[in-house]
Amino acid sequence: MNEIEILFTEILGCPRHQLYLRREFNLTPLQKEFFVSALKRRILGEPLQYILGKTEFMGLEFKLNQDVFIPRPETEILVEYTLGLIARLEKRSLSILDLCTGSGCIAISLAKYTSDRNIIFYATDLSKKALEVAKVNADIHRVKINFLNADLFNGMKQNSFDIIISNPPYIPSDQIDKLPKEISYEPAIALDGGRDGLEFFRRIIKSVPFYLKEDGFLVMEIGFGQLGSIKNIFKNIKNLRIIDCVKDYSNIERVIVAKKYG
């Protein structure tokens, strides 16, 4: 659906095809007011997801506000790969950690689609406001996530997790102001990956061997053109090795997978 179709289906509470089957719509004063307000906000560049206060990710609806990053379709590749990884693991119980959880879309989607497995989920974020949104989404989808207000691994026990997953900030600091106007509405903390965009990758990759169990997996989303630099970071970590790289719909390396040995 295009944005106008999305807006009208939301206002009228009808499926898309009804927009074309009905010849006339009689909007109430409140509906007209919302439509005009939404158009003005969109013209100024505010993303439609913030205007509506929600978005779809992995076939699920997630509540949003400007305290959290808007989930992208590319991140579904991260979740889909991890679901496949979980399906291949024969352990009776698993422990999974989601770093930089934001709206909670990754951990919640995993929990929702693995409800038949015995899995304990943890999710951390430095933003208390983001965690408030994530907790609302977890309640909506009736999944149990242990949310912690923490800077990456702070408060986590060592050798605790079978899988660590993350979509960390990876935009270089000096490029943020050059991004499309819509991006300026999203929280800078969810975008800024430091001087070269690799700050969080360095921190995560350096620390993750202490928190993964033996034969555990690290699954991360990466930015355009970052694969080579991230591979160099792994060279300094003896017991963590990249085993897979998944491209997105534009044939760009988007997800890397590493395994802990020993």
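The values are calculated or read from the model by the stated rules, or taken from the named source; none is laboratory data. Keep in mind the model is a prediction, meaning the values are calculated, not measured. A quick note on method: Cβ atoms are made from the backbone with ideal geometry, for glycine too, and the neighbour counts reach across all protein chains shown.
Can you tell me which residue in the stretch 216-258 is surrounded by the most Cβ atoms within 10 Å (Cβ to Cβ), limited to those that are in contact (Cβ under 8 Å) with a residue 40 or more places away in the chain and of a type in the set (A, V, I, L, M)?
My answer is LEU218.
Within the stretch 81-89, is even one residue closer than 18 Å to ALA38 by Cβ and out of contact with any strand residue (DSSP E or B) (no Cβ under 6 Å at 6 or more places or on another chain)?
Scanning the stretch 81-89, I find no residue that is closer than 18 Å to ALA38 by Cβ and out of contact with any strand residue (DSSP E or B) (no Cβ under 6 Å at 6 or more places or on another chain), so the answer is no.
Scanning for something touching a strand residue (DSSP E or B) at 6+ places or on another chain (Cβ under 6 Å), of a type in the set (S, T, N, Q) and under 30 Å from TYR50 (Cα atoms), does the stretch 170-182 turn up at least one residue?
So far as the stretch 170-182 goes, yes, one or more of its residues are touching a strand residue (DSSP E or B) at 6+ places or on another chain (Cβ under 6 Å), of a type in the set (S, T, N, Q) and under 30 Å from TYR50 (Cα atoms).
Looking only at the stretch 82-105, count every residue that is buried (at least 19 other Cβ atoms within 10 Å of the Cβ), of a type outside the set (A, V, I, L, M, F, W, C) and in a helix (DSSP H, G or I) and tell me the total.
Final tally of qualifying residues: 1.
Here is a list: SER103, SER93, SER109. Which entry is assigned by TED's automatic domain parsing to the domain that holds ASP151 and touching a Pro at 6+ places or on another chain (Cβ under 7 Å)?
SER103
Give just the number: which of (1) within 19 Å of ILE256 (Cβ to Cβ); (2) out of contact with any strand residue (DSSP E or B) (no Cβ under 9 Å at 6 or more places or on another chain); (3) aliphatic (A, V, I, L, M) does LEU60 not satisfy?
Of the numbered conditions (1) within 19 Å of ILE256 (Cβ to Cβ); (2) out of contact with any strand residue (DSSP E or B) (no Cβ under 9 Å at 6 or more places or on another chain); (3) aliphatic (A, V, I, L, M), the odd one out for LEU60 is (1).
Does the stretch 161-194 hold any residues that are assigned to a helix (DSSP H, G or I), over 24 Å from ILE256 (Cα atoms) and either in contact with a Leu (Cβ under 8 Å, 6 or more places away or on another chain) or charged (D, E, K, R) (or both), and which are they?
Scanning the stretch 161-194 gives ASP174, ASP177, LYS178, LYS181, GLU182, ILE183.
What number of residues within the stretch 226-262 satisfy the criterion of being more than 16 Å from PRO168 (Cβ to Cβ) and either among the acidic types (Asp, Glu) or in a loop (DSSP other than H, G, I, E, B) (or both)?
Result for the stretch 226-262: 13.
So, SER115, is that one of a type in the set (Gly, Ala, Ser), on the phi < 0 side of the Ramachandran plot, more than 15 Å from the chain's Cα centre (by Cα) and assigned to a loop (DSSP other than H, G, I, E, B) or not?
Yes: the conditions hold for SER115.
Starting from residues that are aromatic (Phe, Trp, Tyr) and under 31 Å from the mean Cα position of the chain (by Cα), keep the ones in the stretch 8-47 and report whichever is farthest from ASN65 (Cα to Cα).
Going through the stretch 8-47, the residues aromatic (Phe, Trp, Tyr) turn out to be 8, 20, 25, 34-35.
Okay, now just the ones that are also under 31 Å from the mean Cα position of the chain (by Cα), so 8, 34-35.
Values: PHE8: 20, PHE34: 17, PHE35: 18 Å.
Only one residue tops the list, namely PHE8.
Kindly provide the set of residues from the stretch 196-213 that are in contact with a Gly (Cβ under 9 Å, 6 or more places away or on another chain) and either modelled with pLDDT under 95 or closer than 12 Å to SER166 by Cβ (or both), ordered by number.
PHE200, PHE201, VAL208 - these are the residues of the stretch 196-213 that are in contact with a Gly (Cβ under 9 Å, 6 or more places away or on another chain) and either modelled with pLDDT under 95 or closer than 12 Å to SER166 by Cβ (or both).
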